[in-house]
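I have placed the structure first, in the form of structure tokens, so that the comments after it can refer back to it.
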Amino acid sequence: MIRFNKPTIGKKDLESVLYCMINDDLTPGDYLKTFLSMLSKELNIANVAVFNTYFHSFESIFYLLEASSGDEVILPSFARYGILHCVEKCRLKPVLVDLVEDSFLPSFEEIKKKVNKRTCCIIIPQMFGIPYDISRYNEFNLPIIEDIDGSIGSKVNEKPVGSFGTFVTMNFNDYSILTTGNGGLVASQDKRLRRLIWSYKDNHFWADYLMSDFNASLGISQLSKLRENIETRKKIGGYYDNAVLASNCVLIGRDEEKELTFSSYVVKTETPVKECVRFFRKYGVPIRRGIEKPLHSYLNLEIKQFKNTEEMSNKLVALPIYPALAQEDIESIVKGIRAIL
């Protein structure tokens, strides 16, 4: 079996970390400053903070928004559990909405019904390296947290992900195109974030929240080869796309002028997921659901409220896609797409 996912760690990454260790630069310092500067340039956002956990990214935003216990956060049920965990750990109330049919976007009409005086923000994930223009959601006059998941570098109508929300978050775990082992990002043009960042620098207590130079050194190396890795992912994605055209499955989110980064390769199929898993295993290929399970399942909410989310969750499968895939592995996956999906 080939691996489902494999972080792109190469010789230069190891050298970057080694130099950091040799210089005893482990606590937040010069490597972190360099990483922040590079991220700011990549995202074209002035204020960027990087923490040692994804949770601290959301905690910082909720602090800036002066959210108090019981305040509501609207987000789609089709999202990764880590976001729900952050909301609940901050003692805020998650308010889930369904997806737009055959889309990864949350229902605008449902959000309109659920916005109230206790709503402090809306979270919209940009998933799988498939970008969406989410400008319309600013009509609610609420802060938008745009979680760019693994979609850094992708664009829609020439606008990059991260340019739509009030705040931007991103996880640096191993399903992201950029991995530092762990950690999370928050970025914004909001000057309140700039003041918060300076308060972290002036208070040694907050140093425990910030990403270490050890992890940042890996991030620097990862970011320096981001374009190269994205191009490799696009090339592999092209092979898969051609196979999909000869199958019965459907590609979601390809309806606008988009530049995808393929942090994941997902297709919607009528073949039951369990059958897909069993048949692909014959080709030595592991596949998974697009997300482990929708958030309304964790909260024990009624399924009938989330018709489109349920359909997407039950029919969306993710295939391995990463630069280290061997050509023979890619060919096996292509054969599987044509034969099974």
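Here are a few things to note about the model shown:
- Here is the list for the stretch 46-96: GluC sites (Glu not before Pro) lying in DSSP coil, each with at most 14 other C-beta atoms within 10 angstrom of its C-beta, are Glu66.
- Net +/- balance of residues flanking Tyr283 in space, Cβ distance below 12 Å, scoring K and R +1, D and E -1: +2
- Label point distance in nm, Glu256-Asn141, each placed 7 Å from Cα along Cα→Cβ: 2.4
- Positive-end ranking of Asn248, Thr271, Pro294 along the dipole of the stretch 230-341, with charges on Cβ about the Cα centre, is headed by Thr271.
- Under DSSP loop assignment and at most 14 Cβ neighbours within 10 Å, longest trypsin sites (Lys or Arg not before Pro)-free interval of the chain: 119-253
- Nearest-20 debye value, the stretch 226-340 charge dipole, Cβ charges on Lys, Arg, Asp, Glu: 380
- For the stretch 241-274, the list of GluC sites (Glu not before Pro) that fall in a loop by DSSP and count at most 16 other C-beta atoms within 10 angstrom reads Glu256, Glu257, Glu270.
- An oblate overall shape is assigned to the stretch 135-222, the ratio a/c of its alpha-carbon gyration tensor axes (a ≥ b ≥ c) being 1.5 or greater and a/b not exceeding b/c.
- Residue-span extension gain [Lys191 to Arg3] - 0.36 nm each, minus C-alpha spacing: 63.4 nm
- In the chain, helical runs assigned H by DSSP with n ≥ 4 each contribute -39500 (n - 2.57); averaged across all residues and rounded to the nearest 500, the mean residue ellipticity at 222 nm is -12000 deg cm²/dmol.
- Cα gyration tensor, the chain - rounded (a/c under 1.5), prolate or oblate: oblate
- As a calculated quantity, the FRET efficiency between Ser40 and Ser199 at R0 = 22 Å, using C-beta atoms, amounts to about 0.75.
- Zone of Ser247's modelled label, taken as backbone nitrogen in the stretch 295-315 under 14 Å from a point 7 Å along Cα→Cβ: 315
- The distance between label points at Asp30 and Val100 comes to 4.8 nm (points 7 Å beyond Cα on the Cα→Cβ vector).
Every number in this text was worked out from the coordinates using simple rules, so none of it is lab data. Quick caveat, the model's predicted, so the values are computed rather than measured. Ideal geometry is used to build each Cβ from the backbone, glycine not excepted, and the neighbour counts take in all protein chains shown.
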